[in-house]
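Where a number appears in this text, it was derived from the coordinates with a stated rule and is not lab data. The model shown is predicted, which means the values in this text are computed figures rather than measured ones. Every residue, glycine among them, receives a Cβ derived from its backbone with ideal geometry; neighbour counts consider all protein chains shown.
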Amino acid sequence: MTGKKPACAIAIISRNGIGREVTDASLPITKKLSSRDIPLDIMHVVKCYHSKAKTWIESQIRRIPFPIRKILREVGVYCFRTDASVDGTVSRKRKTTDGRLSCHTSHFNEELDAIILFAKDVCIEEGTFNMFLHEVGHALDWHLGHKKFYISEYIDCGEPLDEHAALNPREQFAQAFEGWFRLRKRLNPSEFEHSKEDVKEKAPELYKLFQSLGEKP
Ligand SMILES: [Zn+2]
């Protein structure tokens, strides 16, 4: 124990969060919402005191085609103000799929079935990839494997889009998902920034998958 207070959550409760207990008592959820508080047209409700973060996350959720949001409706999102250690919420020892420590890094957490976001990764799209959509990609990958495995491990993920995507098929899937949202790149894109066209060219099977999921009624 460091004696520090747990980080303050800008809590988000998933659609079925009402029935889903997060077992760790130290998780600083600020409020539980009832199901009627949750509009049907969004994947999650973001309850947060940081109105800019809430607005931004919700705007990102709205970019996700509705059929994909339906697949992801159980996924919760927790947005923390600080990237200091988040006591108790996520394991200190656990690593993310790309090998970083879970308690310092925005990531999709299988155990919580939730996206953990830190404020530093919110509202950012300049010069880097959209972290939230990348993590949504991981969540989608996991949910398509019925929360038993990552579907990316079983399908042809194509040619790695970048160094990060080359780490493993799950990172490729998440990067491709994020890139699938970008119709065109900025003038000087970062090496981690990809467009829909790049995904189509380098990861055609993933492109087809996202297209078909996005169009499902
Ligand atoms: Zn990742």
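Quick notes on this one:
- All positions within the range 196-217 that are touching a residue at least 12 places away in the same chain (Cβ under 8 Å), basic (Lys, Arg) and assigned to a helix (DSSP H, G or I): 196, 202
- Hits in the range 133-192 (condition: charged (D, E, K, R) and surrounded by fewer than 20 Cβ atoms within 10 Å (Cβ to Cβ)): 147, 148, 153, 156, 159, 162, 163, 184, 185, 186, 191
- Where residue 190 falls short, out of the listed (1) within 13 Å of the ligand (Cβ to nearest atom); (2) more than 22 Å from residue 142 (Cα to Cα): (1)
- Identity of the residue in the range 149-183, within 15 Å of residue 65 (Cα to Cα) and outside any loop (DSSP other than H, G, I, E, B), that ends up farthest from the ligand (Cβ to nearest atom): 180
- Residue 146 being within 16 Å of the ligand (Cβ to nearest atom) and of a type outside the set (A, V, I, L, M): no
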